[in-house]
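A.B. asks: Here it is, the structure, as structure tokens.
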Amino acid sequence: MTTLETPAPAPKTPAPEAPVQARRSVAARLASGVAGGALRVFLLLVAVFWLVPTFGLLVSSFRDPTDISTSGWWKVFSAPAQLTTKSYESLLENGDVTNALFNTIWITVPATLLVVLIGAMAGYAFAWLDFKGRDWWFMGVVGLLVVPVQVALIPLSGLFRDLGIFGDIIGVVLFHVGFGLPFAIFLLRNFFAEIPRELLEAARLDGAGELRLFATVVLPLAAPALASLGIFQFLWVWNDMLVALVFSSSGSQPLTVALQQQVRQFGSNIEILAPGAFISMVIPLAVFFAFQRQFVSGVMAGAVK
């Protein structure tokens, strides 16, 4: 009678050992913590010093002109009764400044939207559409990046005068659109060129035309880049004074020119200048912080690609 032998169990494979991390000494960890804490303190101090003028302007806009002329804005901490809204009431009663604020909006919003929209369409065309002389046209767009604004002031003044739009808001908008498009096309073309070709081909196989492909596939993918471009264009147009000073008239001047005229006419008209300057500063800051996440995403996407 034969007996069945039980097979010997297979030898167990030893589990891979977890990599042993070198332990840092207490002195190294302490030095690293001190260095990181010192860097945070330094950055905090830089931020505080950077914001002090803005905070001082905010406090000054809520003080009486007589208090501003006799003491510094920091005196409000010892005498908070100095705070008042009379300066903003005077600002709202000044028709030149309020009209200039609305003019700034009518100039900035169209100039930003047109640059983003036209730049996106042109950038997509340069990236994915084949047409005669595409590379030469793109080189011409890149060459326009080095053209300074001052060179075009006199020629465009004559052109706008012949067209009958010199001194109108539309002339200021067209100038900003013309000088904002080269950078917009250059930026968005490089971003669109990184989109996988397979994605676009799959959309074309599904029956999407170029317009539908651009609107439903390309634009959603480029939302961070479009937001970054929009923020840059908005800040540039909102804070501009040179172009507005040349191409606007008394009825179409933006806020920057209106505040400059207040300085020239009244000299010490601080109850208008302080709140007007703060409003001119706080609106771009609000736009930046509102689209901060999209701005950071666009910058990081460009850095990764």
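The values are calculated or read from the model by the stated rules, or taken from the named source; none is laboratory data. Just so you know, these numbers come straight off a predicted model, no measurement behind them. Note: ideal-geometry Cβ built from the backbone for every residue, glycine included; neighbour counts use all protein chains shown. When the accessible area is computed, the model is the full protein with side chains, heavy atoms only, and any ligands, DNA or RNA have been set aside. Shrake-Rupley method; radii C 1.70, N 1.55, O 1.52, S 1.80 Å.
A.B. asks: For the range 147-283, what is the per residue volume of the convex hull drawn over the alpha-carbon atoms, in cubic angstrom?
C.D. replies: 141 Å³
A.B. asks: Could I ask something else about it? Can you give the extra length, in nm with one decimal, that the chain gains between residue 86 and residue 193 once fully stretched, where that is 0.36 nm per residue apart less the Cα-Cα distance?
C.D. replies: Here the answer is 33.1 nm.
A.B. asks: Still on this structure, I have one more. How do the peptides 64-74, 233-243 rank, highest first, by the average count of neighbouring beta carbon atoms within 10 Å per residue?
C.D. replies: Ranked by mean Cβ neighbours within 10 Å, highest first: 233-243, 64-74.
A.B. asks: Still on this model: Listed highest first by mean packing, meaning other Cβ atoms within 10 Å per residue, what order do 281-287, 133-139, 252-258 come in?
C.D. replies: Output ranking for 281-287, 133-139, 252-258: 252-258, 281-287, 133-139.
A.B. asks: Now, a different point. Suppose R0 equals 35 Å. What FRET efficiency, 1/(1 + (r/R0)^6) with r the Cβ-Cβ distance, do residue 39 and residue 286 give to the nearest 0.05?
C.D. replies: 0.75
A.B. asks: Additional query: Just to compare against my own numbers: the Cα pair-distance distribution for the range 170-240, 5 Å bins, whole % per bin, please.
C.D. replies: P(r) for the range 170-240, in whole percents per bin: 3, 14, 22, 19, 14, 12, 8, 5, 2, 0.
A.B. asks: Follow-up question, since we're still on this one. With a 1.4 Å probe and all protein chains in place, put 88, 124 in order of accessible area, largest first.
C.D. replies: Largest accessible area first, the residues go 88, 124.
A.B. asks: Can you work out ³J(HN,Hα) from phi for every residue in the range 166-178, in order, using Karplus 6.51 cos²θ - 1.76 cosθ + 1.60 and θ = phi - 60°, giving whole Hz and x for Gly and Pro?
C.D. replies: Calculated HN-Hα couplings, in order: 6, x, 9, 4, 4, x, 5, 5, 4, 4, 5, 5, x Hz.
A.B. asks: Taking 0.36 nm per residue of separation and subtracting the Cα-Cα distance, what length does fully extending residue 113 through residue 223 add?
C.D. replies: Here the answer is 38.3 nm.
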